[in-house]
Every structure is written in C-alpha cells, then in structure tokens.
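Chemist: Here it is, the structure in full.
The values are calculated or read from the model by the stated rules, or taken from the named source; none is laboratory data. These figures come from a predicted structure and were not determined experimentally. Note: ideal-geometry Cβ built from the backbone for every residue, glycine included; neighbour counts use all protein chains shown.
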C-alpha cells in the first residue's frame, strides 16, 4: 500500500494538531505524497503553509485547488467543481491548467463514476482521485462507491488514488495510493 496523506487544515484546527505533528505522522507512515487542503484561508496563508511543509517534508507536495501556488509544490489537485469553475468542459479546463502549471508538475483530479474516469482517460493527468470509498467526516460525500471502487479503478489509464473514508488496512487491486487524512490523526 502506498500512502497519499491528505492534510486538511480545518481538520487539523478542529483536532488541535499542528502542521508539524501531521507531517511527523505522515512520515512515520511512509507517506509518499502530502496534499495540503484549505478551503477557507486566503492565498497568502496557504502559501506559508506550503513553505512550512516543504521545510519538514521531502516527499511530493500537492496543493488542493490553489494552482496559482504551484511554484511552491510539486503539483495540483482539482475537484470536478473546481474544473467547472475554469471551464464548463472538463477536458478544456485540464488543458488550461496544464498550460498554467506546465508538464513538470503533477496534476490530479477527483472522479466519482465511470463517466468521469473515461473522460479523465482523455486528459493530460498524472493521476485521478476516485471515491468516495466510504462516507467521511472531512467533506460532503454524494455517492459512496464501496466495493465498486476497485472495479472502477481498473478502467483508468492513470494512477488511481482511492479517496473518501479510506484507511490503511483497505485492500485494492487497481489502486496505486490510499488517500488518508482523518485516519492518520484520529
């Protein structure tokens, strides 16, 4: 199992966990990737947090949504709604983002069903996040894929990161990364 640690600022604040403590936990669990997600802060605060993570963590660092800060990390992750905010056509949105962040940066998007996976197969991406596997407390979940997640993952030509309620003990055949946030800091 390969670990992609989701560092959600709202969750850290709620649980009273420092960014440094989260990074220590992620490193203890051999996280290959940390994604920093902050849906409420201004861009300046997010930038400072990325700089701080980079100071303590040598693995891949992904920022959620804030593609304008890509120079401070290794890549960007966008959800379906974030893509629609860029362009109503997700394929065009990814082309726009790829032009902004360039080929040397990692680009991943969230997917939730077969249609989105097949559409993502036509995009210049490094990975897809697929889920939610289970219900989760870190965000609203529209559809829980459960055991269907692994079968859907087999349809992707990109690396797949299982998202939403995933824990370290889950087993998948077609998933590259387990995205765990809440389960690391419970």
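Chemist: Search segment 167-186 for residues being touching a strand residue (DSSP E or B) at 6+ places or on another chain (Cβ under 7 Å) and farther than 18 Å from residue 108 by Cα, and hand back the single one that is surrounded by the fewest Cβ atoms within 10 Å (Cβ to Cβ). So that I can check it myself, show each step before the final result.
Modeler: At the first step, the residues of segment 167-186 found to be touching a strand residue (DSSP E or B) at 6+ places or on another chain (Cβ under 7 Å) are 167-168, 170, 172, 174-181, 184.
So of that shortlist, the ones also farther than 18 Å from residue 108 by Cα come out as 167-168, 170, 172, 184.
Working: 167: 13, 168: 11, 170: 17, 172: 20, 184: 20.
Out of the qualifying residues, it is 168.
Chemist: Also, I was wondering about something else. What is the residue count in segment 117-150 for residues that are surrounded by fewer than 13 Cβ atoms within 10 Å (Cβ to Cβ) and not in a loop (DSSP other than H, G, I, E, B)?
Modeler: 0
Chemist: Do we find a residue being touching a helix residue (DSSP H, G or I) at 6+ places or on another chain (Cβ under 6 Å), more than 21 Å from residue 156 (Cβ to Cβ) and touching a residue at least 12 places away in the same chain (Cβ under 8 Å) anywhere in segment 72-91?
Modeler: yes
Chemist: Give 160, 175 a once-over and let me know the one that is touching a helix residue (DSSP H, G or I) at 6+ places or on another chain (Cβ under 8 Å), modelled with pLDDT of 95 or more and in a loop (DSSP other than H, G, I, E, B).
Modeler: On the way: 160 fails: in a loop (DSSP other than H, G, I, E, B).
None of the other options fit; the residue is 175.
Quick grid of which residues meet (1) buried (at least 20 other Cβ atoms within 10 Å of the Cβ); (2) more than 23 Å from residue 128 (Cβ to Cβ); (3) in contact with a strand residue (DSSP E or B) (Cβ under 6 Å, 6 or more places away or on another chain):
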{"residue": "17", "(1), (2), (3)": "no, yes, no"}
{"residue": "32", "(1), (2), (3)": "no, no, yes"}
{"residue": "36", "(1), (2), (3)": "yes, no, yes"}
{"residue": "83", "(1), (2), (3)": "yes, no, no"}
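Chemist: When segment 1-32 is examined, which residues are found to be in contact with a helix residue (DSSP H, G or I) (Cβ under 9 Å, 6 or more places away or on another chain), closer than 22 Å to residue 106 by Cβ and not in a helix (DSSP H, G or I)?
Modeler: Of everything in segment 1-32, those that are in contact with a helix residue (DSSP H, G or I) (Cβ under 9 Å, 6 or more places away or on another chain), closer than 22 Å to residue 106 by Cβ and not in a helix (DSSP H, G or I) turn out to be 3, 5, 6, 7, 8, 29, 31.
Chemist: If you check 124, 82, which single one turns out to be at pLDDT 95 or above and farther than 24 Å from residue 32 by Cα? Let's see the steps before the verdict.
Modeler: Details: 124 fails: farther than 24 Å from residue 32 by Cα.
Matching residue, one of 124, 82: 82.
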